[in-house]
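Heads up: the structure comes next, in structure tokens.
The values are calculated or read from the model by the stated rules, or taken from the named source; none is laboratory data. These numbers come from a predicted model, not from an experiment. Here the Cβ positions follow ideal geometry from the backbone for every residue, glycine too, while neighbour counts run over all protein chains shown.
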Amino acid sequence: MLFLDPLNQTAKVSRDEILKCRDLRKTFGDLVAVDNVTFTIEAGETYGLLGPNGAGKTTTISMIAGILERDSGEVLISGRPLSTPSKRQIGYVPQDLALYPDLSARENLRFFARLYGLRRAEARPRIDEVLGVVGLTDRADDAVKEYSGGMKRRLNIGVGLLHRPPLLILDEPTAGVDPQSRNAILESVAALAGAGVAVLYTTHYMEEAERLCDRIGIIDLGKIRAEGTRRELVGLVGELDRISLTAEGAQAVPALEALPEVRKASGHDGHVEVMVEDARKSLPRVLAAATDAGVVVRAVEVHEPNLESVFLHLTGKALRD
């Protein structure tokens, strides 16, 4: 499968394994901060580490980026052990802003481009591209100290993109920003993954993981408790999706219960409740069966179990405890 990279304007092949972590472990005295963490990320994939503050997310990615020495375990970047050359394939965006407030966005990017070793002729158009990706072209020459928190976060991401890394590591990139800025950041991250960048995304916001991530690792007390797609993780809990129909509906119940994907159906007070394993897949057949039974459906709502219930099931506590 081919992706067209909007940052580089070159086609690249997805589904190469960009990051492989195996049995990462880190202790601080008697505290085991990261306990044998293992996962992989492919090109074009967004992998989320979801867990509460203190779960081991930042420690894990600090070892992957080579900022923190690991006690044991292995990190491979594009099949090569983590080293100074392979670190150049990583774009790391920390929680703390790494920007110079008195400089403009363009000046900040120009400075970091030099640190990355980009030649001036290469850096100039690249900076313009990055400003466009993070949505700061119109404010490129304003001092960063005049930016909102969300704009600073976006510029921070831009710094990590300058050298076109195949792996981008984002540590809680929406922490402390307003909803509008958060949405802009999430859209930027989704676009990068769509362009073939492998993204490692840490968050304690369930809705961000559900929106962005192809696969999610639920981490708590330094351990990966479970890993998979949202649907696979929800399957661990055994909860069913619920389709709610507003309709003149009791006569639809027998027809709906006859569908193989329907586990249970009930009707009362102009509403029909249908329990299924996969609501998005089942919805067309449910609506067709209701219509064939002579029911006029006036409204539809789909309720899916979320990652909060999965986390509670796996750890015995709420995500933000």
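Tabulated data
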item: Failed item in (1) farther than 22 Å from residue 211 by Cβ; (2) under 21 Å from the mean Cα position of the chain (by Cα); (3) touching a residue at least 60 places away in the same chain (Cβ under 8 Å), with residue 99 passing the rest; result: (2)
item: Count of region 232-252 residues which are under 22 Å from the mean Cα position of the chain (by Cα) and either basic (Lys, Arg) or buried (at least 21 other Cβ atoms within 10 Å of the Cβ) (or both); result: 2
item: Candidates 82, 68 - the one that is among the aliphatic types (A, V, I, L, M), touching a helix residue (DSSP H, G or I) at 6+ places or on another chain (Cβ under 9 Å) and surrounded by 20 or more Cβ atoms within 10 Å (Cβ to Cβ); result: 82
item: Odd one out for residue 196 among (1) in the same structural domain as residue 176 (by TED's automatic domain parsing); (2) touching a Lys or Arg at 6+ places or on another chain (Cβ under 9 Å); (3) not in a loop (DSSP other than H, G, I, E, B); result: (3)
item: Residue among 273, 301 that alone is surrounded by fewer than 19 Cβ atoms within 10 Å (Cβ to Cβ), part of a strand (DSSP E or B), without any contact (Cβ under 8 Å) to a residue 40 or more places away in the chain and touching a Ser or Thr at 6+ places or on another chain (Cβ under 6 Å); result: 273
item: Matching residues, region 15-38, being on the phi > 0 side of the Ramachandran plot and in contact (Cβ under 8 Å) with a residue 40 or more places away in the chain; result: 23, 36
item: Residue satisfying condition, being at pLDDT below 95, of a type in the set (Val, Ile, Thr), in contact with a strand residue (DSSP E or B) (Cβ under 8 Å, 6 or more places away or on another chain) and in the same structural domain as residue 191 (by TED's automatic domain parsing), within set 84, 58, 46; result: 58
item: Unmet criterion (only one of (1) assigned by TED's automatic domain parsing to the domain that holds residue 44; (2) surrounded by 14 or more Cβ atoms within 10 Å (Cβ to Cβ)) for residue 229; result: (2)
item: Some residue of region 146-154 being in a helix (DSSP H, G or I), outside the structural domain of residue 200 (by TED's automatic domain parsing) and within 17 Å of the chain's Cα centre (by Cα); result: yes
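Matching residues to (1) modelled with pLDDT of 90 or more; (2) in a helix (DSSP H, G or I); (3) farther than 30 Å from residue 28 by Cα; (4) among the hydrophobic types (A, V, I, L, M, F, W, C):
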{"residue": "226", "(1), (2), (3), (4)": "yes, no, no, yes"}
{"residue": "236", "(1), (2), (3), (4)": "no, yes, yes, yes"}
{"residue": "251", "(1), (2), (3), (4)": "no, yes, yes, no"}
{"residue": "255", "(1), (2), (3), (4)": "no, yes, yes, yes"}
{"residue": "267", "(1), (2), (3), (4)": "no, no, yes, no"}
